[in-house]
Amino acid sequence: MTEKEKMLAGQLYKSWDEELTMERSRAKQLTYQLNQTKDTEDHYRKQLIQDLFGTIEGEMGLEPPFYCDYGYNIHVGDGFFANYNCVFLDVCDIRIGKRVLIGPNVQLYTATHPMDRKTRASGLESGKPITIGDDVWIGGSAVINPGVTIGENVVIGSGAVVTKDVPPNVFVAGNPAKEIRRVD
């Protein structure tokens with residue numbers, strides 16, 4: 001397997017691989033251009049996001065600045081909106097449903113590192129995908145960790161650190177995030 005194939009499969013891989021380094025550089029160039037756009041350059045902004053993201057279904061909005069590793073692993077549904085200063089570390093898929101609202105400073109991390117220090121010291125890393133269902137609202141400065149699946153109609157409180165899967169129709173908050181109550 002290539003290092004990219006290992007990365008996408010969630011296996012340990014060498015992030016310094018030439019192909020991956022070039023792809024991260026492309027994403028940095030696109031996000032730099034995106035982050036320099038003016039509010040009046042909506043069409044250009046949308047084109048840059050289309051060039052960056054893997055798939056976009058329908059209408060969406062994103063307020064710069066925005067940062068990601070590759071971009072092509074980000075897939076968003078119709079009605080997606082992300083506010084200022086979000087970071088999506090997309091070494092694996094980030095799949096976001098329809099009508100998802102993401103507050104400012106939200107961080108989505110698919111990238112992870114080995115727990116044992118010898119392997120971690122080798123520089124190898126891996127990733128686990130993130131899936132977010134339809135009709136989710138993620139409050140500002142929340143962190144979604146690798147491998148988490150968030151069900152439909154979930155509200156995540158500001159500043160929450162989500163370390164495990166969240167079932168549908170709940171409000172979670174805290175560090176680590178815990179279910180506070182059911183929502184309609």
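Computed values, structure above
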read-out: Matching residues in region 65-80 - criterion: being in a loop (DSSP other than H, G, I, E, B), open to solvent by less than 20 Å² (accessible area, probe 1.4 Å) and free of Cβ contacts under 8 Å to residues at least 60 places away in the same chain; value: 70, 71, 77
read-out: Residue that is least open to solvent (accessible area, probe 1.4 Å) [pool: residues in region 89-122 that are under 19 Å from residue 5 (Cβ atoms) and acidic (Asp, Glu)]; value: 90
read-out: Residues located in region 16-51, provided they are free of Cβ contacts under 8 Å to residues at least 24 places away in the same chain and hydroxyl-bearing (Ser, Thr, Tyr); value: 21, 25, 32, 40, 44
read-out: Positions within region 4-34 being within 17 Å of the chain's Cα centre (by Cα) and not charged (D, E, K, R), in sequence order; value: 7, 8, 9, 10, 27, 30, 31, 34
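The values are calculated or read from the model by the stated rules, or taken from the named source; none is laboratory data. What you are looking at is a predicted structure, and each value in this text was computed from that prediction instead of being measured. Cβ sites come from the backbone with ideal geometry, for glycine too, and all protein chains shown count toward neighbours. Accessible surface areas use protein heavy atoms only, side chains included; no ligands, DNA or RNA. Shrake-Rupley method; radii C 1.70, N 1.55, O 1.52, S 1.80 Å.
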